[in-house]
Every structure is written in structure tokens, then in C-alpha cells.
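Beneath this line is the structure, given in C-alpha cells, with notes to follow.
Values in this text are rule-based calculations from the coordinates and carry no lab data. For clarity, every value in this text was computed on a predicted model and none was experimentally measured. Reconstructed Cβ throughout: ideal geometry from the backbone, glycine too, with neighbour counts over all protein chains shown.
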Amino acid sequence: MASVTASSVKFSPASSLIKQNQVSNLKKASVSFTGNGFQSHRLPVRRFRIACAAKPETVSKVVDIVKKQLALPDDRDVCGESKFSVLGADSLDTVEIVMGLEEEFGICVEEESAQSISTVQEAADLIEELLEKK
């Protein structure tokens, strides 16, 4: 018996024979295999990549807001994986970024959720989640 528990995960195909699967809103993922049909093998460590759930235009808007709030130059490379702290944001800057996102997208971010945001992608994913609930 094989089981996968997740609310959002994307597995990229390892070969052309495997189709790509995608589920939205990842919070937690676990995989377990049991039964006689599965042999126990230690697999080499592979990169496990979680795909973004947010639309590219949402990520782009978040990037623009982050650049504006942090007064970053236009040529500064900011992407989904960019961490606010690496971009020079302190806790006050992060609060201002969240306020800018709330204004731009017409959403209200709970304080607990706001404290968990550390990257552009996390902010964009949270925005998409909040917009879906609207």
C-alpha cells in the first residue's frame, strides 16, 4: 500500500513515462510505503522541489511591492525564492511590505500569517490563498 498525504505538491517527471501531477495549497506532505510489493531501499538524496502555487502575475506584483518598499534598484534581481532578510528587510520593513500587499490586493493578512512570511513566494502563495477565500 502506498499513500501520499498533502494539500499541495508538484512532482516533476523523472522520465518521459511519468506524467506530472500537481495539487494546490501545500501545508504538509508525507509519503509512506508499506506492504509486500515494496522492497526497502535507501535512495540517494535527490532535490525535492515544491512548485509555486501562486500565479506568475501575483509573484510579479509582490516583487514590485517588495522592491518599492525596500527602495531596491530596478536592476536588483528579486524572485520567488528571495528572502526578505537577504534583501535587507528588518521586521518593520516586513510589516510595511505586508501592508502594501494588503492595499494592493484588497486583502487582510492575519498577524500570525504575516509573521510566517519570509520569502516573496510565501507572500504570493498567501495572497492567492486569501483571494480564493474571498
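Here are a few things to note about the model shown:
- R0 of 30 Å, Cβ-Cβ distance ALA71-GLU104: FRET efficiency to nearest 0.05: 0.95
- Long-range HN-HN contacts of THR119 with modeled amide H, under 5 Å: PHE84
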